[in-house]
Amino acid sequence: MTEAVFQYGSDGYELPVAEVKRLMLDVETIMNGRGTGLVRATIDGAEKAFLISAGALVTFHVPAGTLDEDPDE
């Protein structure tokens, strides 16, 4: 399974590419809409919530060539 990284502030989490791409879409929706909201991900068997707002440092590291793939596959 190919892994990607969701980074929230200084904390980075290795997750499946499909999960990181889903988070990217969720963050984009929040930033293009209300500007503040929560995204959730299962990390190490526990659900975690991350507050997304204009001041949140959120980055995504996805392997080259995977961005055009459907995240639901």
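The values are calculated or read from the model by the stated rules, or taken from the named source; none is laboratory data. What you see is a predicted model, and the numbers here were worked out from it, not measured in a lab. SASA here: full protein model, heavy atoms, side chains in, ligands and nucleic acids out. Shrake-Rupley method; radii C 1.70, N 1.55, O 1.52, S 1.80 Å.
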Considering each residue of the range 31-44, count those that are within 15 Å of A4 (Cα to Cα) and open to solvent by 50 Å² or more (accessible area, probe 1.4 Å), and give that number.
2
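Conditions tested, residue by residue: (1) open to solvent by 70 Å² or more (accessible area, probe 1.4 Å); (2) of a type in the set (V, I, T).
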position	(1), (2)
A4	no, no
E14	yes, no
V20	no, yes
M24	no, no
T29	yes, yes
A46	no, no
G55	yes, no
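If you go through the range 19-28 one residue at a time, do you hit one that is on the phi < 0 side of the Ramachandran plot, part of a helix (DSSP H, G or I) and basic (K, R)?
Checked the range 19-28: at least one residue is on the phi < 0 side of the Ramachandran plot, part of a helix (DSSP H, G or I) and basic (K, R).
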